[in-house]
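Remarks on the structure that follows.
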Amino acid sequence: DTGVSQNPRHKITKRGQNVTFRCDPISEHNRLYWYRQTLGQGPEFLTYFQNEAQLEKSRLLSDRFSAERPKGSFSTLEIQRTEQGDSAMYLCASSLVLAYGYTFGSGTRLTVV
Amino acid sequence: GIQVEQSPPDLILQEGANSTLRCNFSDSVNNLQWFHQNPWGQLINLFYIPSGTKQNGRLSATTVATERYSLLYISSSQTTDSGVYFCAVANSGGGADGLTFGKGTHLIIQP
């Protein structure tokens, strides 16, 4: 068990470019979550997968954001046409079932310049 | 959606002191978790505690679901306890599995 892995750790991009982040959950975990955290705030929920099915999306997840979890394994989060307001730490978490706590990855810090 | 309020927002203590952090929430929940975010940004799950009491070493937590609050106790604080403590809740019966986090309690333990 190597924990939840996120790549890249840091990403600097120019406004208007597309970016994609990857999350590899703990292998036996069937639930996977994406959160966004800005400085001084708690994480905000973006979306949630159970196996390969995307079951819930926050209204924060505008149409520029898309997430996938093919085959119920790793997940990707893509942001199209990035804006400066997208600058944040993007966190991935996984859990086995609802009755267990989350395990978070170290996050991907996105800076849009 | 559910509102989560944490208090105090900031807390500075000497090593060895005890502390109590509070989390109030506005609706019934079936998922409540406490997390510690260390100074390097890593979020560590401390407890999954939608009701009842749990203990893990120097840390313990109690959730009184009927009164909509949870408490996190830290005893004999160490400098490594410094960081931000978050309470997060959800009510999946309402169709929302995503956790709503509070703003956190920023704890500084001085040697």
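Each value in this text was obtained by applying a stated rule to the coordinates, not by laboratory testing. No experiment lies behind these values; they were computed from the predicted model shown. Cβ coordinates were reconstructed from backbone atoms using ideal geometry, including for glycine residues, and neighbour counts include every protein chain displayed.
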Farthest towards the positive end of the dipole of chain A, among A:82, A:51, A:4 and with Cβ unit charges of +1 on Lys and Arg and -1 on Asp and Glu, lies the Cα of A:82
Return a whole-number percent for the relative contact order of chain B, with Cα pairs under 8 Å and 6 or more residues apart as the contact set.
37 percent
Alpha carbon centre of the range A:26-44 versus the range B:41-70: separation in Å?
19 Å
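Where does the charge balance sit around residue B:103 when Lys and Arg score +1, Asp and Glu -1, over other residues with C-beta under 13 Å from its C-beta? Can you show the working numbers first?
Numbers: positive: B:22; negative: A:44, B:5, B:10.
My count for the surroundings of residue B:103 gives -2.
How much length would be gained if the chain were fully extended between residue B:42 and residue B:12, taking 0.36 nm per residue of separation minus their Cα-Cα distance, in nm to one decimal?
Computed gain between residue B:42 and residue B:12 is 8.7 nm.
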Quick check: pseudo-label points 7 Å beyond the Cα along Cα→Cβ at residue B:64 and residue A:7, how many nm apart are they?
4.9 nm
Apply the Karplus curve 6.51 cos²θ - 1.76 cosθ + 1.60, θ = phi - 60°, to the phi angles in the range B:51-66 and return the couplings in whole Hz, x for Gly and Pro.
6, x, 10, 9, 9, 9, x, 7, 9, 9, 9, 9, 10, 9, 5, 5
Could you work out which residue, out of A:63, A:24, A:86, moves most in a Gaussian network model of chain A, that is, has the largest mean-square fluctuation with Cα springs under 10 Å?
A:63
Under-5 Å amide H pairs with residue B:15, H placed in peptide plane, nonlocal only
B:110
When chain B is treated as a GNM, springs tying every alpha-carbon pair under 10 Å, which of B:16, B:41, B:57 comes out with the largest mean-square fluctuation?
B:57
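For the protein assembly as shown, what ratio Rg/Rh do Cα atoms give with a Kirkwood hydrodynamic radius?
Values: Rg = 17.4 Å, Rh = 18.0 Å.
Radius of gyration over Kirkwood radius for the protein assembly as shown works out to 0.97.
Which value, in debye to the nearest 20, gives the size of the charge dipole of the protein assembly as shown about its Cα centre, when Lys and Arg are +1 and Asp and Glu are -1 at the Cβ? Mind showing how you got there, number by number?
Details: 19 positive and 18 negative charges, 95 e Å.
Here the size comes out at about 460 debye.
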Karplus-derived HN-Hα couplings along the range A:79-95 (A = 6.51, B = -1.76, C = 1.60, θ = phi - 60°), whole Hz, x at Gly and Pro
10, 9, 6, 4, 10, 4, x, 7, 4, 4, 8, 9, 10, 10, 9, 9, 8
Principal axis box of chain A, alpha-carbon based, largest edge first, Å
38, 24, 22
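What share of Cα pairs, in percent, lie more than 13 angstrom apart in the range A:48-113? Intermediate results must be reported in sequence, preceding the final value.
Details: 1504 of 2145 pairs.
Within the range A:48-113, distances greater than 13 Å cover 70 percent of Cα pairs.
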